[in-house]
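Encoded as C-alpha cells, the structure appears first; notes follow it.
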Amino acid sequence: MAVYCWGNTAHGELGLGGIEDEQVKLPLKMDWSHADDVMQAACGASHTLFLTKEGKMYACGNNDHGQLGHETDTLPNKRPRVPIAFIACGGNHSFAVSKSGAIFGWGKNTFGQLGLNDLNSRCYPAQLRTLRSLGVRYISCGDDFSVFLTTEGGVFTCGAGTFGQLGHGSCSNEILPRMVFELMGSKITQIACGRRHTLAFVPSRGKIYGFGLSGVGQLGTGTVGNYSTPQIVRGPWILKDSEVTGCDETQFTVNRIFSGGDQCFVSTLGCADSADFRVYDKSTQILSLSLEMSTELAQIGTDETVELDLMSAVETIFKSLACMNGSLLLPNDEHYCCTSKHPGVDISAAEQAFDQIRKIERESIRQLIRDSIESELLGALTPSPADVETLRIYLLLPLYHEFINPKHYQKLHSPFSQSVLKLAKNAYDIVVLWWANQSKEYFERMVENFKSVVLYIINFKFPQVVGTDVKQDLRYDAHLVTMLDILAVLYWINHQKRTQKLPYEQFHINEIDDVLDIRHDYIRWTTDTKGVTFSLCNYPFIFNAAAKMLLLQTDQAMQMYMAMHSAPINVISMLCSPAAALAPQYIVLNVTRENIVQDTIRELSYYAASDLKKPIKIKFCGEEAEDAGGVRKEFFMLLLRDILDPKYGMFKSFDESRTIWFTEDYFDSDDSMFALIGILCGLAIYNFTIIALPFPLALYKKLLGEEVNMQDLQDLAPTVAQSMQSILDYGEQDMEEVFDLSFTTTRNYFGELQTIPLKPNGENIRLNQSNKHEFVKLYIDYVFHKSVEKSFRQFHDGFMRVCGGTVLKLFKAHELMSVVVGNEEYDWMALEENAEYKNGYTSSDQTIRWFWEVFHELPLEEKKKFLLFLTGCDRIPIMGMKAIKICIQPMSDDKFLPVAHTCFNLLDLPQYQTKEKLKYKLLQAIQQTQGFSLV
C-alpha cells in the first residue's frame, strides 16, 4: 500500500520531512518508512493522523494545541494505543475510536469540542467516558465542534455552537456530547462535517439533513443563513409522494455524503444500498489474530513454502499489543462496552485458535511467534494501561501453549507475571476479576503451569546432591519469588472470587519437601522477626498435608527443646543432632479414671505454658501400663467423653448435624473447663493424637481468624440454615407479612424464654426486602460470635497456651480440623499397600490374602469399626491412610480372636484354617470397640 499527499506543508502536515517548499501542488508518494503499513489517514486544518496495520498511530503537522498527541511537532512520531478502529481530525483536535467503542480525544478544547466537560486543551489522548456505553462507531469533526455516530444510529454533538452546527435548536456551546433530539426516531448511517456545518443521512427516508452555517448555501436548502435544527437538503434523490418507489434507471440512491470547509458533495448510485459509516471496511482495520489464520498456520507442512505476507502478518500481530488486544473478540459487536465484568474476548474461539497454534509444524513459524511474544509483546506491557481493552492480553496469553513448558520461565512466565503484579490497582482488579470468571479448565491450566515452573526452578537452582539424600537449603531467587507471588494471586482469586473453586489440594506442590529441606526454611521463617526473609512458609498453600505435618513436627521439636533448655540454643543443630533425643522430658499427668476431669485440671495447673509444648505421658493411678501412645489415646477419649457429658451443660448438642457448640449460659466456675478443652485440643495437635471433638468447622475458622458464613450455619444447624436461606431467596414484596420477623432471636435461659435483639432497637425493626441480608448476617454473627463470646475466649486462651506459635499460619481451618479430629477420606487400598508383616507372615500367605479379601468385602461402617479397633480412632490423620501403617503378626492358636495393640497399630492375627472362620472371628473382635465413641 502506498500513500500519496499534496497541499500545504508549512507545518509538516504532509509528513514529508525536511522538504523546503510550503506547497506540494501534485500528489507525491510518501517515502516515510511506515507509509506502506498505513490503513487509515485523517486530516485536520494543519495536522495529519495515520493508523498503521500494527495498531500504531502516527501524527505530524502543527502541534500548537497538542493535536498531535505528543509533545513535539516534528516528523511522524508513533504513540502506541489500544486497538484502534477509527481515527478522525477536526480543525485543531483529534479523535480515535477503539474496537470496542472507547473514545480518546486530544488537541484544542477551547469550546468543549473534546466533550470532556471542561475547556482545557489536551496534548495527550484523554478518554471520553460519557459515550462509552453507547457504542460510538464514527466521528466527524468541524473546526471547533465534533459529531459522534453510535451503533444504534444516534447522533451526539459537542463544541462550538455559534452557527447552530450542533443541531440543538440554539447557538450555545456544549462541553459534553448531547444527543440531537430532532434526529431521534431516525437511524442515521452517515455524518459529515464542514468547517461550521453538519450533514446527516437517513437511508430509510432517503433524506439528507443539514444544520449550522449556510452563508454560501452549504446546507443545500436553497437559502442562505444559519439553521440550529436539522433541515432537509434539497436534491434529486428525494422522492415525491406521487413518485413510484420501485427501482428504475432514473432513480437516485445516496451512496456517500462528503463535507469540508464550506462545501458538500453527494455521490449517488442506482438501485444499490447506501454506505453505512458504522460498518468498518476490513481493509482499513489493524491486523488481528483469528481462528481462520491459526488454522491456516497449522495446516502448513514442515517443508511447505510460506507466503511472505502471511509471515509478515504473523510477526506484526504477535509483536503488537494493539493487534493482540483487538483479536478474537466476541462477534456481532458483543465485545462493545468492555468493562471489568465484560472483557469482550471470545474465549472459546481463543482456545481453539491457540490450540491450532500449538499444532503448527513449521519450526520457523513457531520460533517467530515465540520470539515476537518474548522480545516485543511482553516488553510493551505497562503498569498503567490506557484503557480496559489493553488488558485483554492477560486473558489471551495464558492460552499460549508454551506456558506449559517451564523452560521458558525467564523470557515468558516471569515477565508476564511481573507485569501482572506491577499493574496499577484498578487494572489489577480488572484482571483478577476476569481470571476469576473464567472456566475451571482455563483457571486450572494457569495454576498447573505456574506450579510446574516453581518446581522446575527449584530443581534447576537447588538440585539434590547426586548419590545422597541430602536436601538443599532454599535461597532467594527473583524468578522463583515472582512465580510464587503469582501463584499466591491465583490462590486468593480461587478462594475469594471464584464461584467454581478449585480444591485447596490443587495448589499443593507435592514434591517440594522431597527436594528442599523445608524444616530449615521453617526455622528461618520463625526466627525472622522483621519479616524480610524469603521463605516458602510465606506461601503455605503449596504445602500438602505431609509437608505441613513435617513442619508441625519441626515446630513441636523446637518448642519442646526450648522448653527443656533455658540457655540459648542452635535450633538447626538440634534438629540434626541425635544428642537432642538423649534426654527427653515429658509432661506426666497422674490421673484416676473416677475423677479424670478434676485430676487433669489439677495436674495441668502445675505446668507453665512453655511446658505444655513437651510430649505428654499419662499415668492412670493403680495401673502399670507404660504409655507408648495407646494410654494417651485412651486418656483423651475418656476425658473428652466426661467433659462433653450433658451434666456439665457447657455445650449444646445438635442432633441433626451430630455436632456441639458452646452454650450461651454457664456458671463462671466453668471457665476452667472451657480452657481445659482448649488446652486438650492443643495438646492433641502437639502430640499428634486424633481426638473425637465433634465441633463444626466454624470452631477452627474462629481460631484462625477466618470468616464464618451460611455454610457454617448449615454444618451446625441445617434446618435453621434452610430457614435463613428461604429468607434470602424470597423475592416478593409481602415479606413483612409472610415472615413476621423483627431483628431479634430467642433463647431458653434456664427455662425462661428470652428475646435478644440482633442490633440496637432490633425489636422495633421489621424484616423486609431491603434489610434481609443484614438480618441473616447478624443472626450468623450472633450464633457464632456474640452469644458465645466469653466461653469461646476461654477456650481460645487455653488453646493458644499450647499452639500460640507461628505454625498455625500455615494451616487453613479444614486442615487444622483434620489435624485435631482426622478426616474420613478413606483409601482402603492404601491401607493394604502400606501394611507390613512380621514374625513369619508375608503378603502372599493364605491367611493374609483371606484377611484382605474379607476386609474389602466389609461395608463402610464395619471397616470404620476395624479402624477404631486397630488405632483407637475411626478417622484418619490429615496425611491420609498412608500414615496408618498396619503391622500384622501371627498367633499360634486359632481359637482366639484377633488382638489389636493400638499403641503400635499392631494386629495379632491367628492362622485360621478357613476364610469363613477368619471373617467370623474378625467381626467378633471389632465389636469390642463399642462404647468408646463420644456419640
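The values are calculated or read from the model by the stated rules, or taken from the named source; none is laboratory data. No experiment lies behind these values; they were computed from the predicted model shown. Positions of Cβ are generated from backbone atoms using ideal geometry, with glycine treated the same way; all protein chains shown enter the neighbour counts. The area values use the complete protein model at the heavy-atom level, side chains included, leaving out ligands, DNA and RNA. Shrake-Rupley method; radii C 1.70, N 1.55, O 1.52, S 1.80 Å.
Assorted remarks:
- R205 accessible area, assembled protein chains, probe 1.4 Å, Å²: 120 Å²
- Accessible area expressed per residue, the stretch 78-180, with surrounding protein chains retained (probe 1.4 Å, Å²): 29 Å²
- Relative contact order for the stretch 253-313, counting Cα pairs under 8 Å that sit 6 or more residues apart, in percent: 23 percent
- Rounded, prolate or oblate (a/c below 1.5 giving rounded, otherwise prolate when a/b exceeds b/c) for the stretch 4-269 by Cα gyration tensor: prolate
- For T229, distant residues with modelled amide H under 5 Å away: G169, G212
- Restricting the trypsin sites (Lys or Arg not before Pro) of the stretch 388-430 to loop positions (DSSP other than H, G, I, E, B) with no more than 15 neighbouring Cβ atoms within 10 Å leaves K422.
- Share, in percent, of DSSP beta bridges within the chain that are antiparallel, nearest 5: 85 percent
- The stretch 328-428 gives an Rg/Rh value of 0.98, both radii derived from C-alpha positions and Rh following Kirkwood.
- Förster radius 22 Å - calculated FRET efficiency between E853 and E833, Cβ distance, rounded to 0.05: 0.90
- Solvent-accessible area per residue, Å², over the stretch 386-430 with all protein chains present [probe radius 1.4 Å]: 36 Å²
- Globularity ratio of the chain, using Cα Rg and 2.2 N^0.38 Å: 1.31
- Heavy atoms of H901: accessible area, 1.4 Å probe, square angstrom to 10: 70 Å²
- Acute angle (nearest 10 degrees) that the helix 671-686 long axis makes with the longest principal axis of the chain, alpha-carbon atoms: 80 degrees
- Accessible area, probe 1.4 Å, largest first, for residues D303, D36: D303, D36
- Whole-Hz couplings from phi, Karplus 6.51/-1.76/1.60, listed for the stretch 475-487; x for Gly and Pro: 10, 5, 9, 4, 5, 5, 4, 4, 5, 5, 5, 6, 5
- For the stretch 129-134, putting each phi into the Karplus relation 6.51 cos²θ - 1.76 cosθ + 1.60 with θ = phi - 60° gives couplings of 7, 5, 9, 4, 7, 8 Hz, in residue order, rounded to whole numbers and with x for Gly and Pro.
- Here the relative contact order of the stretch 645-822, from alpha carbon pairs under 8 Å that lie six or more residues apart, stands at 35 percent.
- Separation of the stretch 108-132 from the stretch 811-857 is 73 Å, based on Cα centroids.
- Electrostatic bookkeeping for S742 treats Lys and Arg as +1 and Asp and Glu as -1; over the other residues with beta carbon under 14 Å from its beta carbon, the sum is -2.
- With the convex hull drawn over the C-alpha atoms of the stretch 826-928, the volume per residue is 91 Å³.
- Computing FRET efficiency as 1/(1 + (r/R0)^6) for D729 and D473, where r is the C-beta to C-beta distance and R0 is 56 Å, gives about 0.55.
- The stretch 826-928 - percent of accessible surface contributed by carbon and sulfur, probe 1.4 Å: 50 percent
- Span from the the stretch 1-71 Cα centroid across to the the stretch 686-747 one, whole angstrom: 68 Å
- The calculated FRET efficiency for Q23 paired with S283, based on their beta-carbon distance and R0 = 30 Å, is about 0.45.
- A DSSP coil position with no more than 13 other Cβ atoms inside 10 Å describes the following GluC sites (Glu not before Pro) in the stretch 630-736: E656, E707, E732.
- The stretch 196-239 and the stretch 489-527 have Cα centres lying 69 Å from one another.
- Taking GluC sites (Glu not before Pro) across the stretch 817-911, the ones in a DSSP loop with at most 16 further Cβ atoms lying within 10 angstrom of their Cβ are E824, E825.
- Accessible surface of the stretch 4-269, 1.4 Å probe, proportion on carbon and sulfur as whole %: 50 percent
- Under 5 Å between amide hydrogens, built in the peptide plane, is the criterion, and for L741 it picks out L767 among residues at least 5 positions away or on other chains.
- H197 long-range amide H proximity, modeled H, under 5 Å: L213
- Neighbourhood charge, 14 Å Cβ-Cβ cut-off, centred on E774 and excluding it, Lys, Arg +1 and Asp, Glu -1: +3
- Here the relative contact order of the chain, from alpha carbon pairs under 8 Å that lie six or more residues apart, stands at 6 percent.
- Mean accessible surface per residue for the stretch 777-924, computed with a 1.4 Å probe while every protein chain stays in place, in Å²: 46 Å²
- Using a probe of 1.4 Å on the protein chains alone, the accessible area found for H11 is around 90 Å².
- Between 0 and 90°, nearest 10: helix 308-319 axis offset from the chain longest Cα axis: 60 degrees
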